[in-house]
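Let me begin by presenting the structure, written as structure tokens, before commenting on it.
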Amino acid sequence: MSDTTSHRSDAEIFADVRNALDQRPMVPQGVHAHVDRGVVRLTGSVQRPLERTEAEDATRGIAGVRRVLNEIVLTQRPSAEGFEPPDQA
């Protein structure tokens with residue numbers, strides 16, 4: 001009797017990872033997953049740290065995933081918040 005969770009193919013793991021990412025509304029479509037021998041590498045860019053965390057959380061715990069490498073880049077988006085006008089001395 002074999003343990004099927006430890007013998008899943010990368011293609012099977014990838015399908016589950018992609019489905020998990022697609023099910024999370026906070027994860028943008030620009031997040032990509034690559035699977036190599038059970039190691040999932042997440043790439044792409046997001047605008048908020050929460051989106052990056054959501055992608056990683058969605059991937060952890062999937063059967064066959066041995067490790068998650070979160071290489072998603074956080075990009076700044078222009079925002080009026082935090083903008084300080086120049087000193088008017």
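The values are calculated or read from the model by the stated rules, or taken from the named source; none is laboratory data. Since this is a predicted model, take the numbers as computed values, not measurements. So basically every Cβ, Gly included, is an ideal-geometry build from the backbone, and we count neighbours across all protein chains shown.
Please enumerate the residues belonging to region 19-44 that are among the charged types (D, E, K, R) and within 22 Å of residue 75 (Cβ to Cβ). So that I can check it myself, show each step before the final result.
Applying the first criterion (among the charged types (D, E, K, R)) to region 19-44 yields 22, 24, 36-37, 41.
Of everything in region 19-44, those that are among the charged types (D, E, K, R) and within 22 Å of residue 75 (Cβ to Cβ) turn out to be 22, 24, 41.
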Exactly one of 54, 84, 71 is farther than 19 Å from residue 38 by Cβ and at pLDDT 95 or above, and that one is 54
* Asked: Is there a residue in region 1-11 that is crowded, with 18+ Cβ neighbours inside 10 Å, among the hydrophobic types (A, V, I, L, M, F, W, C) and modelled with pLDDT of 95 or more?
  -> no
request  = Answer with yes or no whether residue 17 is surrounded by 10 or more Cβ atoms within 10 Å (Cβ to Cβ), at pLDDT 95 or above, of a type in the set (A, V, I, L, M) and assigned to a loop (DSSP other than H, G, I, E, B).
outcome  = no
